[in-house]
Amino acid sequence: MNGQGATLAAESDLVGAWVGGIGAGGFFLLLIVIVWQLAATWRARILTAREEQYKQLAAKYAQLLEDNVELHRRSTEEMRQTREELAQTRLAVTSMEKMMREIE
């Protein structure tokens, strides 16, 4: 009987070791999944923040582009007006030169 009890005790210890090993493996697997999910959440937040920064940068670029186009339009208009004024001034100077030549 003692031999049979020792065998049952040894088998019980073996089963206990397997149960403990499986439990520890499950616990570590759970820890790995938790860490993995935390890392995935952290990465998603960083990507979302980066995308938001990109959107802000794109909006700022679009505004600067609009401002640049407006400034270009204004400078082109001012150059056109300056050319017209210069042409009028040249006409006036030419007619004054012609009048002064006639007086001489």
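What follows is calculated from the coordinates using simple rules that are stated; it is not laboratory data. This is a predicted model, so every value here is computed, not measured. Positions of Cβ are backbone-derived with ideal geometry, glycine not excepted, and every protein chain shown enters the neighbour counts.
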Can you give the helix-only mean residue ellipticity at 222 nm for the chain, where every DSSP H stretch with n ≥ 4 adds -39500 (n - 2.57) and the sum goes over all residues, rounded to the nearest 500 deg cm²/dmol? -38000 deg cm²/dmol
Mind pulling the angle between the C-alpha long axis of helix 2-103 and the longest principal axis of the chain? Nearest 10 degrees, somewhere in 0 to 90. 0
Assign unit charges at the C-beta atoms only (+1 for Lys and Arg, -1 for Asp and Glu), then state the dipole size of the chain relative to its Cα centre in Debye, rounded to the nearest 20. 60
Lys and Arg at +1, Asp and Glu at -1: add these up for the other residues within a Cβ distance under 12 Å of Leu57 and post the number. +1
